[in-house]
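Engineer: This is the structure I have questions about; it appears just below.
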Amino acid sequence: MRPLTDRPAGDSAARSSTGRDPARDPGRSVRAAARIVLAGIAVGVVVSLALVSIDTPKGATDTAFALGALVFGFGLTTWAGAVGLGETIERMHEYADTTSRWTEAGARRAFATLTWFGSGWLFGAVGTAIALGV
Amino acid sequence: MVSKRFVAKRLLLLVPVLFGVSTLVFAILHLSPGDPAVAIAGQRASQAFIEQVRSDLGLADPLWQQYVRFLGDVVTFDFGQSYQIQRGTPVSSILAQRLPITIELAVLGQIAGLVFGLPLGILSAVKQDTVTDHLTRIGALSGISIPIYWSGPLLILLFAQFLGLLPTSGRIGSEYFLEPITGLILVDTLLTWEFDAFVSAATHLLLPVVVLGIYQMALISRMMRSSMIEVLRQDYMRTARAKGQGAKITVMKHGLRNAFIPVITIVGIQFGTLLGGAVLTETVFEINGIGTLLVDAINRSDYPVVQATVLVFAVLYTLVNLVVDLTYSVLDPRIEQ
């Protein structure tokens with residue numbers, strides 16, 4: 001999956017033919033987010049239907065929804081953590097002189113992706129529950 | 001001064017943090033084994049009764065509907081009523097009762113860690129590579145390595161069982177009854193001018209605070225040592241000494257403030273560990289704080305209490321880290337937030 005935002009502005013390889021930084025292009029970010037949400041929806045539906053074979057429709061969609069909530073909640077919490085504490089952690093790495101390639105921007109991108117994916121999963125599970133008449 | 005924009009941004013971050021944490025807790029609770037309806041109705045209850053309880057609690061609805069309802073309640077700070085711990089009591093009242101107990105313990109543990117950790121770290125840095133330094137470092141390493149669930153019972157055995165100097169559990173002697181004012185037992189005993197009760201509370205809290213403080217002390221002293229060693233090598237320290245300023249004054253006036261910044265960072269980040277430590281400490285010393293409440297609520301599938309308690313932990317952690325960030329600019333005005 002492609003990162004959503006926050007590509008370093010100076011990254012010339014990341015620039016499009018129009019000369020604009022694609023990462024700064026809101027349309028591109030929205031499209032990337034939409035693709036990830038769609039993938040999440042697909043996973044939500046597939047997991048719900050797979051679980052129907054071993055559980056009641058309510059049990060299956062509830063479990064699928066809870067799994068999606070787990071992904072979404074983890075993504076959102078860690079994204080907020082990266083935004084809030086990222087610079088502090090980066091400073092700590094610098095201060096402790098530890099060889100870590102962890103960056104605040106990278107963590108934000110990764111967890112934003114996870115959050116969008118989890119939200120899609122939630123919608124997929126809810127849609128399946130409604131379709132199954134739960 | 002810290003910009004208002006920075007503070008507003010950090011306060012706004014509370015929204016996704018709380019949204020994420022509440023979602024995470026909701027999901028984990030519903031994926032974990034245990035049925036609150038069975039817990040309330042009892043193992044021998046009929047299936048019809050269990051279903052009735054489930055329906056009454058709203059647990060028979062599809063999970064997404066329960067989630068939407070839960071989020072609505074969280075937004076209005078209505079955590080509902082306890083299923084099991086104090087059945088029917090609003091969760092907010094239970095938290096209001098228990099929260100000061102844990103806050104008192106955590107703050108005292110932090111103070112103990114700072115009071116002992118800072119001087120030890122400074123001493124270790126100033127006397128680098130001497131016997132004092134080696135002993136301090138061994139002590140710090142031991143403090144970090146010893147888990148609370150081991151050091152707690154060990155201290156109880158030594159000071160309560162063998163030496164009989166300190167009480168084993170609780171917050172105050174059973175002969176004292178205090179109407180809570182702030183909920184902080186040491187403060188309440190002072191406010192009511194009950195000196196004997198204050199001494200009793202202090203002796204009861206001593207061991208739990210030491211157990212919590214050991215880990216903090218060890219971490220703070222290690223951080224302070226490395227930070228201070230770096231500061232001592234700076235040009236401005238040499239200049240201050242060259243101008244004839246005494247060694248102690250140079251360290252305390254110029255060194256401490258600059259060396260304190262990484263330590264403050266550790267204090268903030270470790271506050272979560274302190275809260276986690278409070279859960280274990282309260283369990284070991286039978287203190288009825290928010291930690292034991294959480295353990296009890298998880299064991300008894302009391303969903304509203306678990307959800308509210310974890311949210312309170314998240315809010316506390318975020319707020320403490322906000323305060324830490326604000327402290328940077330006070331310690332070093334060059335740091336632009």
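Engineer: Does region B:46-65 contain any residue that is at pLDDT 85 or above and at positive phi?
Structural biologist: yes
Engineer: Of the conditions (1) under 22 Å from A:Val46 (Cα atoms); (2) more than 11 Å from chain B (Cβ to nearest Cβ); (3) of a type outside the set (A, V, I, L, M, F, W, C), A:Ser119 fails just one. Which one is it?
Structural biologist: Exception for A:Ser119: condition (2).
Engineer: Another question, if that's okay. Keeping to region B:29-58, report how many residues are buried (at least 17 other Cβ atoms within 10 Å of the Cβ), aliphatic (A, V, I, L, M) and within 12 Å of another protein chain (Cβ to nearest Cβ).
Structural biologist: Total satisfying the criteria: 1.
Engineer: Separate question: Go through region B:74-91 and give me each residue that's closer than 18 Å to B:Phe19 by Cα and not acidic (Asp, Glu).
Structural biologist: Listed by number, the residues that qualify are B:Val74, B:Val75, B:Thr76, B:Phe77, B:Phe79, B:Gly80.
Engineer: Considering only residues that are among the polar types (S, T, N, Q) and part of a helix (DSSP H, G or I), which ones fall in region B:1-25?
Structural biologist: Here is the first cut: in region B:1-25, the ones among the polar types (S, T, N, Q) are B:3, B:22-23.
Hits for region B:1-25 are B:Ser22, B:Thr23.
Engineer: So B:Gln128 fits all but one of (1) loosely packed, with under 15 Cβ neighbours inside 10 Å; (2) free of Cβ contacts under 8 Å to residues at least 60 places away in the same chain; what number is the exception?
Structural biologist: Single failed check for B:Gln128: (2).
Engineer: Out of region B:99-110, which residues are within 15 Å of B:Leu186 (Cα to Cα) and in contact (Cβ under 8 Å) with a residue 60 or more places away in the chain?
Structural biologist: Listed by number, the residues that qualify are B:Leu99, B:Pro100, B:Ile101, B:Thr102, B:Ile103, B:Glu104, B:Leu105, B:Ala106, B:Leu108, B:Gly109.
Engineer: Taking the residues in region B:181-199 that are touching a Pro at 6+ places or on another chain (Cβ under 8 Å) and touching a residue at least 24 places away in the same chain (Cβ under 8 Å) as candidates, determine which candidate is surrounded by the fewest Cβ atoms within 10 Å (Cβ to Cβ).
Structural biologist: B:Thr182
Engineer: Give the residues of region A:99-113 that are assigned to a helix (DSSP H, G or I) and of a type outside the set (Asp, Glu), sorted by residue number.
Structural biologist: We begin by selecting, within region A:99-113, every residue assigned to a helix (DSSP H, G or I); these are A:104-113.
Within region A:99-113, A:Ala105, A:Gly106, A:Ala107, A:Arg108, A:Arg109, A:Ala110, A:Phe111, A:Ala112, A:Thr113 qualify.
Engineer: Working only within region A:52-66, note down all residues that are more than 8 Å from chain B (Cβ to nearest Cβ) and assigned to a helix (DSSP H, G or I).
Structural biologist: Our first condition is that a residue be more than 8 Å from chain B (Cβ to nearest Cβ); within region A:52-66, this holds for A:52-57, A:59-60, A:64.
Correct list: A:Val52, A:Pro57, A:Gly59, A:Ala60, A:Ala64.
Engineer: Hey, A:Gly84 hits all of (1) outside any helix (DSSP H, G or I); (2) surrounded by 20 or more Cβ atoms within 10 Å (Cβ to Cβ) but one; which does it fall short on?
Structural biologist: The one condition A:Gly84 does not meet is (1).
Engineer: Could you give every pair whose Cβ atoms fall below 8 Å, whose first residue belongs to region B:258-272 and is more than 10 Å from every other protein chain (Cβ to nearest Cβ) and farther than 9 Å from B:Tyr328 by Cα, and whose second residue is of a type in the set (D, E, K, R) and in a helix (DSSP H, G or I), counting only separations of at least 6 or pairs across chains?
Structural biologist: Within 8 Å, the pairs are B:Ala259/B:Glu230.
Table: residues versus (1) aromatic (Phe, Trp, Tyr); (2) more than 18 Å from the chain's Cα centre (by Cα); (3) under 30 Å from B:Thr327 (Cα atoms).
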site: A:Thr88; (1), (2), (3): no, yes, yes
site: A:Met92; (1), (2), (3): no, yes, yes
site: A:Thr103; (1), (2), (3): no, no, yes
site: A:Phe117; (1), (2), (3): yes, no, no
site: A:Gly127; (1), (2), (3): no, yes, no
site: A:Ala131; (1), (2), (3): no, yes, no
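Engineer: Next up: May I ask you to list the residues in region A:67-107 that are basic (Lys, Arg) and away from chain B (no Cβ under 12 Å)?
Structural biologist: The initial filter retains those residues of region A:67-107 that are basic (Lys, Arg), namely A:91, A:101.
Listed by number, the list holds a single entry, A:Arg101.
Engineer: Identify, please: which residue in region A:123-134 is in a helix (DSSP H, G or I) and surrounded by fewer than 24 Cβ atoms within 10 Å (Cβ to Cβ) and is, among those, nearest to the other protein chains (Cβ to nearest Cβ)?
Structural biologist: If we take residues in region A:123-134 being in a helix (DSSP H, G or I) and surrounded by fewer than 24 Cβ atoms within 10 Å (Cβ to Cβ), then A:Ala129 is nearest to the other protein chains (Cβ to nearest Cβ).
Engineer: Please count how many residues of region B:4-26 are facing chain A (nearest Cβ under 8 Å), of a type outside the set (Phe, Trp, Tyr) and within 12 Å of B:Val310 (Cβ to Cβ).
Structural biologist: Taking region B:4-26 and keeping what is facing chain A (nearest Cβ under 8 Å), we get B:10, B:13, B:16-17, B:19-26.
Those left that are additionally of a type outside the set (Phe, Trp, Tyr): B:10, B:13, B:16-17, B:20-25.
Going one step further and asking which of them are within 12 Å of B:Val310 (Cβ to Cβ), we end up with B:17, B:20-25.
So the count comes out to 7.
Engineer: Is it the case that region A:89-97 has a residue that's among the aromatic types (Phe, Trp, Tyr) and closer than 24 Å to B:Val263 by Cα? Working first, answer last.
Structural biologist: Restricting attention to region A:89-97, the residues satisfying the condition of being among the aromatic types (Phe, Trp, Tyr) are A:95.
With the extra rule that they be closer than 24 Å to B:Val263 by Cα, the set shrinks to A:95.
Within region A:89-97, one or more residues are among the aromatic types (Phe, Trp, Tyr) and closer than 24 Å to B:Val263 by Cα.
Engineer: Could you run through region B:111-138 and say how many residues are closer than 21 Å to B:Val209 by Cα and in contact with a Ser or Thr (Cβ under 6 Å, 6 or more places away or on another chain)?
Structural biologist: 4
Engineer: Also: Return the residues of region B:272-321 that are of a type in the set (S, T, N, Q), more than 20 Å from B:Ile214 (Cβ to Cβ) and crowded, with 18+ Cβ neighbours inside 10 Å; say none if nothing qualifies.
Structural biologist: Of the residues in region B:272-321, the ones of a type in the set (S, T, N, Q) are B:273, B:281, B:283, B:288, B:292, B:299, B:301, B:307, B:309, B:318, B:321.
Right, trim to more than 20 Å from B:Ile214 (Cβ to Cβ) and you get B:288, B:292, B:299, B:301, B:307, B:309, B:318, B:321.
Listed by number, the residues that qualify are B:Thr292, B:Ser301, B:Gln307, B:Thr309, B:Thr318, B:Asn321.
Residues checked against (1) modelled with pLDDT of 90 or more; (2) of a type in the set (A, V, I, L, M, F, W, C):
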| site | (1), (2) |
| --- | --- |
| B:Pro147 | no, no |
| B:Leu154 | yes, yes |
| B:Ala160 | no, yes |
| B:Ser174 | no, no |
| B:Glu194 | no, no |
| B:Leu219 | no, yes |
| B:Gln234 | no, no |
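Engineer: Here is a check on your reading of the model: is B:Thr250 among the hydroxyl-bearing types (Ser, Thr, Tyr), within 27 Å of B:Pro33 (Cβ to Cβ) and modelled with pLDDT of 85 or more?
Structural biologist: Answer is no for this residue.
The values are calculated or read from the model by the stated rules, or taken from the named source; none is laboratory data. Please read these numbers as outputs of a predicted model, since none were measured by experiment. Note: ideal-geometry Cβ built from the backbone for every residue, glycine included; neighbour counts use all protein chains shown.
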